[in-house]
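Visitor: One structure is given below, represented as structure tokens, and several questions about it will come after.
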Amino acid sequence: MNRINSSLDKKKNPKKNVIKENKKTKKKKHPILRFIRNIFILLILLIIIIGFLFYKRVEKNGGGSKGILCTILGQSAEDLEKLESINILVLGVSEDIETMLTDTIILCTYKPQKQEASMLSIPRDTFIGKNESTAKGSDKINSLYSKDVQKTVNAVTKITNIDIDYYIVIKTSSLVKIVDIIGGVNFEVPIDMDYDDPTQDLHIHLSQGMQRIDGEKAEQLLRFRHNNDGSSYPSSYGDNDYGRMRTQREFIQETIKQTLTLKNALHAKKILNTIFDNIETNLTLDDCIPYIPVASEFDVNSIENHQLPGESKKCNGLWFFLHDKKETREACI
């Protein structure tokens, strides 16, 4: 009787039976879909596992941007604990005259374990001769670079009693490229700057106030000492060379601050490679990379800015800066 009823059902509902058969057929015809689904699930699981392991590694390396960068660069928290203080002499060299002179001389120190950093400006007219009564132009520290960069390094070491690990020489043409590479720097120009020197093809025209400083403007900003009418920075800021050195330190500080963002830090190797193509240095990329994770969490606003203590004095008809040896020793401890 059941067989007869089944036969009758097939005759009464032929479409319903075809649909059931099609569903069974579809399941059998598409095994590739099940394979793709399983692979997709495996990939998701793999990503979750890798992400978890990366997270645990970052945590182990201190967490935050430091932990992320430390992990990406293949370092460990133990490696960071071994980092020593580093002293770098930064020299800015003008190329607009036959003899290349160092307009900018700044000794930079970074102590990663204490997260402390300082910049000490050395006046370009600092006397490095032996006898003030017979002093001549070559007794100014800014003349040493044209002979040998190591002579400048040795002179600053002698003055400060600080062993200098590395030097970086940034020429005018390179400075323009480097500032443009990092996309410019937001900086508050302290005063209106209006100066022209056709003999050096130097033209400085900047307005006071916050603005985006590109490479060309950076050259103007860092070389400015006084206006065409003889006016300069106010005495409260530090006039002429003293004002210029302060502007140089503050611009460098802002440049570091705006470069050491997590966004830029993740591309630090690429940025450093580009910068290294435009400077003269005994510092290598491998020397810099270990410091990137700790530097990413450094508070740039805490950088201490100093100027070599001393006074300007006329010696043998020329103006020199004579540093105070006692105060220098105390400042450089």
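Visitor: Pick out the one residue from LYS263, LYS217, LYS270, LYS257 that is modelled with pLDDT of 90 or more and among the basic types (Lys, Arg).
Guide: LYS217
Visitor: Among the residues of the range 134-192, write down those that are without any contact (Cβ under 8 Å) to a residue 40 or more places away in the chain and under 17 Å from MET119 (Cβ atoms).
Guide: ILE141, THR157
Visitor: So which residues in the range 151-171 are open to solvent by less than 20 Å² (accessible area, probe 1.4 Å) and hydroxyl-bearing (Ser, Thr, Tyr)?
Guide: THR152, THR160
Visitor: Inside the range 183-192, can you point out the residues that are open to solvent by 40 Å² or more (accessible area, probe 1.4 Å) and not small (Gly, Ala, Ser)?
Guide: ASN186, GLU188, ASP192
Visitor: Only one residue in GLU132, GLU98 is among the charged types (D, E, K, R), over 21 Å from CYS332 (Cβ atoms) and at pLDDT 90 or above. Which one?
Guide: GLU132
Visitor: Which one of the conditions (1) out of contact with any Cys (no Cβ under 9 Å at 6 or more places or on another chain); (2) on the phi < 0 side of the Ramachandran plot does GLY310 fail to meet, given that it meets all the rest?
Guide: (2)
Visitor: Against the conditions (1) more than 29 Å from LYS82 (Cβ to Cβ); (2) out of contact with any His (no Cβ under 9 Å at 6 or more places or on another chain); (3) of a type in the set (Ser, Thr, Tyr), where does TYR195 fall short? Just the number, please.
Guide: Result: TYR195 passes all but (2).
Visitor: Would it be correct to say that GLU132 is acidic (Asp, Glu) and either crowded, with 19+ Cβ neighbours inside 10 Å or touching an Asp or Glu at 6+ places or on another chain (Cβ under 8 Å) (or both)?
Guide: No, not satisfied.
The values are calculated or read from the model by the stated rules, or taken from the named source; none is laboratory data. These numbers were taken from a predicted model, which means no experiment stands behind them. With ideal geometry, Cβ positions are generated from the backbone for all residues, glycine too; neighbour counts draw on all protein chains shown. In case anyone asks, the SASA skips ligands and DNA or RNA and just uses the protein heavy atoms, side chains included. Shrake-Rupley method; radii C 1.70, N 1.55, O 1.52, S 1.80 Å.
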